[in-house]
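Beneath this line is the structure, given in structure tokens, with notes to follow.
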Amino acid sequence: MKWEGERQSTNFDDRRGSSGGGGGLGSIFGRRSSGGGLGIPMGSGAGRGGGFSLWTIVIIGAIAWFVFGVNPLQLLGGMLGGGGSGLSGGVERPAPTSQESERQVAFSRTVFGFTEDVWGEIFQAKGRSYDPPVLTLFSGSTQTACGNGQAAMGPFYCPADQHVYIDLDFFDELATRFNAAGDFAQAYVIAHEVGHHVQTLLGISTQVAQERQGRSEEEINALSVRQELQADCFAGVWAAHAKTSKGESIIEAGDIDEALAAAAGVGDDTIQKQSRGYVVPETFTHGTSAQRQKWFKTGYQTGDMNRCDTFAANPL
């Protein structure tokens, strides 16, 4: 991927090493709650300090359900002692200062800059202005407007504050646990989260939240799958349009294969097979590996966000 020497986003908040507390949000891989993410399944995590009054719990639950269309048990379950995965969620770590970590920061900010350029142009062509999200880097855990976020959940987007949250240690896990190494695999993750921001700006996230009300859990999961696959498609649209300051595509040989490997590695069926040994389709919240690859390719091959209507697609 061509990225070195390019503009870095200034919509940036570095919280690495700051205290954040415990909690639970959705992510780009696995079980999803408020916001959007990749969807890493939650495991058993370390205990957390602090507590919530009954009224606080009731208020948080109401906000989760009526504002974000989120099952409050998912959100509160995380805040009252949810789980973790291979990362050290809920544990404050000192901010890394190695040359490699700073290179990772520069890379993430540059990819974010590319997303600002692409979506700014797409929105402008539609007669709208694009208000970019903020890239927030943290270590272990951090406070968000959607609750307390943990590194254990992977990268996630919070619509309430319009921040994309990433613990950079996740990118090591992306390569080792999900067999998706390479800079463009990481870029896909970032672009997917920004895709959720695009959904928020277009009002799609609000419509999905409204559609969830009164639905069964299985129906809510099915809506979540369509929303997540659209974010994958938007990531593909971004990849199709992203260019360097010289007007060249940022894509190099092997980049798309890296993105597709990441999409496959975080499919619900792949994750469930690895963690359980079997799959339960009605519990899928992000889509299968094949579906995630399909919709990223749809966005990339067409470059047209209008082709990303996963809500009307049948079959997915």
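Cβ-Cβ below 8 Å, separation at least six or inter-chain, first residue in segment 128-144 and under 17 Å from His196 (Cβ atoms), second basic (Lys, Arg) and assigned to a loop (DSSP other than H, G, I, E, B): which pairs?
Thr136/Arg15
On the given criteria, is Thr270 outside any loop (DSSP other than H, G, I, E, B), without any contact (Cβ under 8 Å) to a residue 24 or more places away in the chain and not charged (D, E, K, R)?
Numbers: outside any loop (DSSP other than H, G, I, E, B): yes; without any contact (Cβ under 8 Å) to a residue 24 or more places away in the chain: yes; not charged (D, E, K, R): yes.
When the stated conditions are applied, Thr270 passes them.
Counting only residues that are in a loop (DSSP other than H, G, I, E, B) and in contact with a Cys (Cβ under 9 Å, 6 or more places away or on another chain), which one in segment 134-153 is surrounded by the fewest Cβ atoms within 10 Å (Cβ to Cβ)? Break it down into steps so the answer makes sense when it comes.
Residues of segment 134-153 that are in a loop (DSSP other than H, G, I, E, B), as a first pass: 138-140, 145-146.
Of the ones still in play, those that are also in contact with a Cys (Cβ under 9 Å, 6 or more places away or on another chain) are 145-146.
Numbers: Ala145: 13, Cys146: 28.
Among those residues, the one meeting the criterion is Ala145.
Residues in segment 108-120: is at least one in contact (Cβ under 8 Å) with a residue 60 or more places away in the chain, in contact with a Ser or Thr (Cβ under 7 Å, 6 or more places away or on another chain), in a helix (DSSP H, G or I) and closer than 15 Å to Arg15 by Cβ? Spell out the reasoning first.
Keep residues of segment 108-120 that are in contact (Cβ under 8 Å) with a residue 60 or more places away in the chain, which gives 108-119.
Right, trim to in contact with a Ser or Thr (Cβ under 7 Å, 6 or more places away or on another chain) and you get 109, 112-113, 116.
Going one step further and asking which of them are in a helix (DSSP H, G or I), we end up with 109, 112-113, 116.
When the remaining residues are screened for being closer than 15 Å to Arg15 by Cβ, the result is 109.
Yes: segment 108-120 contains one or more residues that are in contact (Cβ under 8 Å) with a residue 60 or more places away in the chain, in contact with a Ser or Thr (Cβ under 7 Å, 6 or more places away or on another chain), in a helix (DSSP H, G or I) and closer than 15 Å to Arg15 by Cβ.
If the requirement is being at pLDDT below 95 and either at negative phi or touching a Gly at 6+ places or on another chain (Cβ under 9 Å) (or both), which of these qualifies: Arg177, Arg103? Break it down stepwise before answering.
Values: Arg103 fails: at pLDDT below 95.
Of the residues listed, the single one that is at pLDDT below 95 and either at negative phi or touching a Gly at 6+ places or on another chain (Cβ under 9 Å) (or both) is Arg177.
What's the number of the only condition in (1) in contact with a helix residue (DSSP H, G or I) (Cβ under 6 Å, 6 or more places away or on another chain); (2) modelled with pLDDT of 95 or more that His163 fails to meet?
(1)
Rundown of residues vs (1) over 19 Å from Pro155 (Cα atoms); (2) at pLDDT 95 or above; (3) out of contact with any Leu (no Cβ under 9 Å at 6 or more places or on another chain); (4) surrounded by 15 or more Cβ atoms within 10 Å (Cβ to Cβ), yes/no style:
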residue: Gly195; (1), (2), (3), (4): no, yes, yes, yes
residue: Leu201; (1), (2), (3), (4): yes, yes, yes, yes
residue: Glu218; (1), (2), (3), (4): yes, yes, yes, no
residue: Thr244; (1), (2), (3), (4): yes, yes, yes, yes
residue: Ala262; (1), (2), (3), (4): no, yes, no, yes
residue: Tyr278; (1), (2), (3), (4): yes, yes, yes, no
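Within segment 237-267, track down each residue that is of a type in the set (A, V, I, L, M), farther than 11 Å from Val118 by Cβ and part of a helix (DSSP H, G or I).
Applying the first criterion (of a type in the set (A, V, I, L, M)) to segment 237-267 yields 237, 239-240, 242, 250-251, 253, 256, 259-264, 266.
When the remaining residues are screened for being farther than 11 Å from Val118 by Cβ, the result is 251, 253, 256, 259-264, 266.
Ile256, Ala259, Leu260, Ala261, Ala262, Ala263, Ala264, listed by residue number.
Looking at segment 191-236, which of the residues that are outside any helix (DSSP H, G or I) and polar (S, T, N, Q) is nearest to Thr285 (Cα to Cα)? Can you show your working first?
To start, the set of residues in segment 191-236 that are outside any helix (DSSP H, G or I) comprises 203, 213-216.
Okay, now just the ones that are also polar (S, T, N, Q), so 213, 216.
Numbers: Gln213: 16, Ser216: 13 Å.
This residue is Ser216.
Here is a list of conditions, (1) within 16 Å of His192 (Cα to Cα); (2) surrounded by fewer than 20 Cβ atoms within 10 Å (Cβ to Cβ), and Tyr300 meets all of them except one; can you say which number that is?
Status for Tyr300: all satisfied but (2).
Name the pairs: first residue in segment 150-177 and touching a residue at least 12 places away in the same chain (Cβ under 8 Å) and β-branched (Val, Ile, Thr), second residue crowded, with 24+ Cβ neighbours inside 10 Å and assigned to a strand (DSSP E or B), Cβ to Cβ under 9 Å, at least 6 apart or on different chains?
Val164/Leu135; Val164/Phe156; Val164/Tyr157; Val164/Cys158; Ile166/Leu135; Ile166/Phe156
Going by what's in this entry, would Gln186 be described as crowded, with 24+ Cβ neighbours inside 10 Å, at pLDDT 95 or above and assigned to a helix (DSSP H, G or I)?
Numbers: crowded, with 24+ Cβ neighbours inside 10 Å: yes; at pLDDT 95 or above: yes; assigned to a helix (DSSP H, G or I): yes.
The answer is yes for Gln186.
State all residues of segment 277-316 that are under 21 Å from the mean Cα position of the chain (by Cα), farther than 25 Å from Val118 by Cα and either outside any helix (DSSP H, G or I) or of a type in the set (Gly, Ala, Ser) (or both); if no residue qualifies, say none.
Phe284, Thr285, Gly287, Thr288, Ser289, Ala290, Leu316
Asp304: in contact with a Phe, Trp or Tyr (Cβ under 9 Å, 6 or more places away or on another chain), at negative phi and among the acidic types (Asp, Glu), yes or no? Write out each step before concluding.
Working: in contact with a Phe, Trp or Tyr (Cβ under 9 Å, 6 or more places away or on another chain): no; at negative phi: yes; among the acidic types (Asp, Glu): yes.
No; evaluated as a whole, the condition is false for this residue.
Those residues that are among the hydroxyl-bearing types (Ser, Thr, Tyr) and either within 18 Å of the chain's Cα centre (by Cα) or loosely packed, with under 14 Cβ neighbours inside 10 Å (or both), I need them from segment 10-20; list them, please. Steps first, please.
Of all residues in segment 10-20, those among the hydroxyl-bearing types (Ser, Thr, Tyr) come to 10, 18-19.
Residues satisfying the conditions are Thr10, Ser19.
The values are calculated or read from the model by the stated rules, or taken from the named source; none is laboratory data. Everything quoted here is computed from the prediction, not taken from an experiment. Note that each Cβ is placed from the backbone with ideal geometry, even for glycine, and that neighbours are counted across all protein chains shown.
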